[in-house]
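Heads up, the thing below is written out as structure tokens.
The values are calculated or read from the model by the stated rules, or taken from the named source; none is laboratory data. Please read these numbers as outputs of a predicted model, since none were measured by experiment. Cβ atoms come from the backbone with ideal geometry, glycine included; neighbour counts cover every protein chain shown.
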Amino acid sequence: MFKSIFPTLGRFRLFIQIFMLLLTVYGSNVVGFYMAEKISNALPALSCAFDQQNSAYCVLIPTQHQLHHRVGEAIVKAQQFTFQMVLPLLFTLLTFFTFFVVLSKVFCGWICPLGTIQELINKLGRRLNLPLRRFENGSVSKVRPVKWLMLIVLVLALPLLAGLGVTPHATGDAYCQVCPSRLATTLLTANTDQMAIRTGSSLDFAFGAIANTLFGFMLVAAFAVRQPFCRICPMLSFNATFQRLSPMRLVKKQHDKCDKCGICAKACPMDIHEIAREHGTKAFHEDCTLCGRCVEFCPDDGVIQMKWGPLTLFGSSREYYKQRMKGEMPDGTVKIAAALRKPESGAENA
Amino acid sequence: MQRFINLILSATLALACTFVMAEGRPANGRPAGTLATTESVRQHDQHDHAPAQAAESAGNPAAASQDKRQAREWTKYPLITPMMGRGGDRAVAKLAVKNLQPAELEVFAAEGPDDRLRRQFPVTPEGTRIEAVAPKIGNYHWVSAREETEGKVTVASTAAYFSNPGEAPTALLLKQKSELEIIPQPLPREHGSYRESDKWQFMLRFNGQPLANKELKLETEFGTKTAFTSDEKGMVTVLFPLDFKPADPAKAHDQHMGPRKGKFVLAAEHDEGGKHYLTAFNYAYSPDATTGKNLMAGAGFGVFGMLLAAPLLRRKKVDKKNSAKES
């Protein structure tokens, strides 16, 4: 029964993604209206608090808020440098970690509403036979540090500096000011409030201009580039910081054919080339979103596996690979669209 | 490629022009190029406004000063309003009672020890200091003041928000706290607010039963006086008027306190058993979501971002050559 509804992991993931997109964007009707009724106030996915119909808040909001209002202001009042300052932040991290320890970066690959939106747009791009732009080895390594910069500067440093009174108050939630999920999820509820740019100060205006430009860029880029914003998302680096602490992980065994094959790297929406070259812990890269595509498209039995502790949740197999390749190429191109143009990927040439 | 660069430059120029044009705002203070429902605009046009605004515009300082005092006393209905001076304590609020002489304020909490779920705080002339149910339990608390004279019961209510975590006020709101009640359904979410031109629902009840076809009056500190009628289930949909003065858009959103706030009161009256009941719920509301914002500029930058990404959708020449060879 389950297999007839979800013949592939990809189909199952798409179902979860769409379900979670609906739940995170419109879920207040199910879980409740007030903050206290949300699934969590520290969800490891970009579930935006600016969306008035949401069902959860993303962990980056309380992190910025506490660095701004609690830590920063408490450091100023040095005598309050106590548990009063540290505990709320620890509590947020613990709440986040309660979720994260169970599912790890599954929150990025399966639950994040912005990730789902980008993936759906890219699927449309593949069906429209638009070109697919991949990050090659050199270029991807230039993009990767950006997500750490986003985390350190926008999520941690600027809110803390705002709390200390060094930077303007508007920087207290600097990341939220530029987050495309804020625009995407509110627009999905037919709310244009967040699309409008504040004109009160030049900093407000600059933040709004950057956010909207980034959002517009992401929407169009997603037709040609897989997960364009995920690559620089601070939630990815936030989750990457803790990914080794969760029992949920990607495991790859060493195999002779891996050097020549490389299909798993082509299947990876984050262009992690290391997945083809490396094995062991190095294969579970900081950019991995645990989407499972590399496992699906690995043509050898048991070489790549998604595991939770000792349990193998899903492992690669030749039979599954053959079935998966019937409908879709590793790069996401559907077979009908692929037949209309010259093959580009290694998988298509193979 | 040159043509594409020209296109981007033209779009940027058009965007800049749009923004400059949108900066010019009409007399009613609503930024040009922003959305407004025709209903809210019509509602705005129909409202009475306090004489203070007229006096100010007439340029008579003495009259303006007197009218400003009158404007501060903008309603005859009882109010419970927040005061400054809680000393930065998250579990404390200081409240003033106006147009009513109650002996105490009653504070209802959604969770906490049973003996603290309903507490009384004596009213003092310098303001009544109330506390959250426990130092680490926050969220909404319901506050009410009651005055009972022969044949008349008057109740003022408001909600106080303490910014520590605490249970949602859903059940607290529905719990009966007095005879005649105005119950927000719901209260604004944390970090949210009632806003101009927003519609919010309130329930009218008497002794726990819905009151149908009853008038609910709305008065705001900016002079609006209007009324709405409850349906068969006692529900009233209140449309908040567009009546904030055309403020400096830079001050529409205070960076620390959030949107600028105005006061409003909802009041209902009911006679039963030879007694006259008057109940009022007061709280704060904020300017319309578009005040101090520019949607056109936002959309413009969104389109600009799309144009920047557009080259990614073009096929490389190699692809074209390959396609040609194929054909």
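Among the residues of the stretch B:169-208, those that are within 22 Å of the chain's Cα centre (by Cα) and part of a strand (DSSP E or B) comprise B:181, B:182, B:183, B:184, B:194, B:195, B:199, B:200, B:201, B:202, B:203, B:204. Could you tell me whether any residue of the stretch B:209-222 is hydroxyl-bearing (Ser, Thr, Tyr), buried (at least 22 other Cβ atoms within 10 Å of the Cβ) and away from chain A (no Cβ under 14 Å)? Scanning the stretch B:209-222, I find at least one residue that is hydroxyl-bearing (Ser, Thr, Tyr), buried (at least 22 other Cβ atoms within 10 Å of the Cβ) and away from chain A (no Cβ under 14 Å), so the answer is yes. Every test in (1) within 11 Å of chain B (Cβ to nearest Cβ); (2) at pLDDT below 95 is passed by residue A:161 save one, and that test is (1).
For the stretch B:150-168, a residue qualifies if it is at pLDDT 95 or above and not in a strand (DSSP E or B), but none of them does. A residue that is at pLDDT below 90, within 18 Å of residue A:135 (Cβ to Cβ), assigned to a loop (DSSP other than H, G, I, E, B) and hydroxyl-bearing (Ser, Thr, Tyr) can be found somewhere in the stretch A:331-344. Residue count for the stretch B:179-204 satisfying the condition of being more than 28 Å from residue B:135 (Cβ to Cβ) and among the hydroxyl-bearing types (Ser, Thr, Tyr): 2.
Looking only at residues of the stretch B:267-300 that are buried (at least 17 other Cβ atoms within 10 Å of the Cβ) and touching a Gly at 6+ places or on another chain (Cβ under 7 Å), we find that the one that is farthest from the other protein chains (Cβ to nearest Cβ) is B:284. Considering each of A:276, A:267 in turn, give the residue that is at pLDDT 95 or above and touching a helix residue (DSSP H, G or I) at 6+ places or on another chain (Cβ under 8 Å). Only one candidate passes the filter, namely A:267. Of the residues contained in the stretch A:132-144, none is found to be among the aromatic types (Phe, Trp, Tyr), part of a helix (DSSP H, G or I) and over 26 Å from residue A:98 (Cβ atoms).
Residue under question is residue A:255, and the condition is that it be over 30 Å from residue B:294 (Cβ atoms) and touching a residue at least 60 places away in the same chain (Cβ under 8 Å); does it hold?
Details: over 30 Å from residue B:294 (Cβ atoms): yes; touching a residue at least 60 places away in the same chain (Cβ under 8 Å): no.
In short, no.
When the stretch B:104-128 is filtered for residues that are under 24 Å from the mean Cα position of the chain (by Cα) and not polar (S, T, N, Q), the ones remaining, listed by number, are B:105, B:106, B:107, B:108, B:109, B:110, B:127. For the stretch A:188-200, taking the residues that are over 19 Å from the mean Cα position of the chain (by Cα) and more than 10 Å from every other protein chain (Cβ to nearest Cβ), the one that is nearest to residue A:235 (Cα to Cα) is identified as A:189. With respect to the conditions (1) within 14 Å of chain A (Cβ to nearest Cβ); (2) within 19 Å of the chain's Cα centre (by Cα), residue B:157 falls short on a single one, namely (1). Each residue in the stretch A:161-184 was checked for being within 24 Å of the chain's Cα centre (by Cα) and in a helix (DSSP H, G or I), and 13 of them qualify. Being over 29 Å from residue B:152 (Cα atoms) and surrounded by fewer than 17 Cβ atoms within 10 Å (Cβ to Cβ) is the filter; apply it to the stretch B:83-110 and report the residue that is modelled with the highest pLDDT. Per the criteria, the residue is B:92.
Please go through the stretch A:222-246 and give me each residue that is within 12 Å of chain B (Cβ to nearest Cβ), in a helix (DSSP H, G or I) and either free of Cβ contacts under 8 Å to residues at least 24 places away in the same chain or within 15 Å of the chain's Cα centre (by Cα) (or both), ordered by number.
A:222, the sole residue that qualifies.
Of all residues assigned to the stretch A:201-218, none qualifies as being surrounded by 22 or more Cβ atoms within 10 Å (Cβ to Cβ), at pLDDT below 95, over 30 Å from residue A:130 (Cα atoms) and within 14 Å of chain B (Cβ to nearest Cβ). If the condition is being crowded, with 17+ Cβ neighbours inside 10 Å and within 14 Å of another protein chain (Cβ to nearest Cβ), then the stretch A:8-31 contributes A:27, A:28.
Considering (1) more than 16 Å from residue B:279 (Cβ to Cβ); (2) surrounded by 14 or more Cβ atoms within 10 Å (Cβ to Cβ); (3) over 26 Å from the mean Cα position of the chain (by Cα), the lone condition that residue B:147 does not fulfil carries the number (1). Each residue in the stretch A:287-302 was checked for being over 21 Å from residue A:17 (Cα atoms) and either crowded, with 24+ Cβ neighbours inside 10 Å or under 23 Å from the mean Cα position of the chain (by Cα) (or both), and 1 of them qualify. Quick check on my filter: what residues within the stretch B:189-234 are touching a residue at least 24 places away in the same chain (Cβ under 8 Å), among the acidic types (Asp, Glu) and more than 23 Å from residue A:33 (Cα to Cα)? Of everything in the stretch B:189-234, those that are touching a residue at least 24 places away in the same chain (Cβ under 8 Å), among the acidic types (Asp, Glu) and more than 23 Å from residue A:33 (Cα to Cα) turn out to be B:215, B:219, B:221. Quick check on residue A:295: is it part of a strand (DSSP E or B) and β-branched (Val, Ile, Thr)? No.
Mind listing whichever residues of the stretch A:185-197 are surrounded by fewer than 24 Cβ atoms within 10 Å (Cβ to Cβ) and assigned to a helix (DSSP H, G or I)? Of everything in the stretch A:185-197, those that are surrounded by fewer than 24 Cβ atoms within 10 Å (Cβ to Cβ) and assigned to a helix (DSSP H, G or I) turn out to be A:186, A:187, A:188. Within the option set B:257, B:203, B:235, being surrounded by fewer than 22 Cβ atoms within 10 Å (Cβ to Cβ), more than 30 Å from residue A:217 (Cα to Cα), in the same structural domain as residue B:80 (by TED's automatic domain parsing) and modelled with pLDDT under 90 holds for one residue only, B:257.
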